[in-house]
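These notes are about the structure you will find just below.
The values are calculated or read from the model by the stated rules, or taken from the named source; none is laboratory data. Not measured: the values here are computed from a predicted model. With ideal geometry, Cβ positions are generated from the backbone for all residues, glycine too; neighbour counts draw on all protein chains shown.
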């Protein structure tokens, strides 16, 4: 379909007032020159079946000579149409007329008129065809429902038969779905928690505490943390430090009252001598 830009109709002027104006014609599906001819016909309210070939040819040739920047592919089509118009004009100037097989005079404009009428019909319906195309692009072809449902049933491990579907089978499928959902909800879940304690961290805490106060009661050290997890990590750190002979435990006053202090190096020498 040929499209003439909106400023085409308003900027087209007679030769004596035409200065610095160029026309941009976009071609996609039909011949460019026909749209120009139709413009001249509609502008001057001419009868398309009785085209004044002299006037239309002069207007067309004036347009071609005034084009300043025209793509050569488009120009060749305009020149071809101009040659056709000149040929028709020459035939109409000749006194000898061509006749058909029935002896009737052949109008040299007949073929041009037929092409213009055909093009005009295309142009009239192109908007409707474009709208139909846009609506069609918004549609989606329906798939094979039976195959699609069977595939879904296979993935969900369910039985499916569309041809023999009944309310009873629907209830069975619904029951299976509910049971599977409840199984998923009731399945034991193992949750892993991350605590802000490590044995190495607690060992460092105890060593720093002993370097500051010298010794500390076991109970005081155990209750230094508000949560159970902190107490457990603290106790594991104490056991680890006892095994590594980093700290020692001494009996304090009272029943089951112990104090923790840094390991005595003299005691280490005695233990080594005993071994």
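Overview of results
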read-out: Qualifying residue in the range 25-39 (condition: in contact with a helix residue (DSSP H, G or I) (Cβ under 8 Å, 6 or more places away or on another chain), at pLDDT below 50 and over 19 Å from residue 121 (Cα atoms)); value: yes
read-out: Qualifying residue in the range 197-219 (condition: at pLDDT below 85, in a helix (DSSP H, G or I) and at negative phi); value: yes
read-out: The range 102-127 residues that are over 13 Å from residue 51 (Cβ atoms), paired with ones that are part of a helix (DSSP H, G or I) (beta carbon under 6 Å, 6 or more apart); value: 119/34
read-out: Residue match in the range 109-126 (condition: modelled with pLDDT under 75, over 30 Å from residue 249 (Cβ atoms) and assigned to a loop (DSSP other than H, G, I, E, B)); value: no
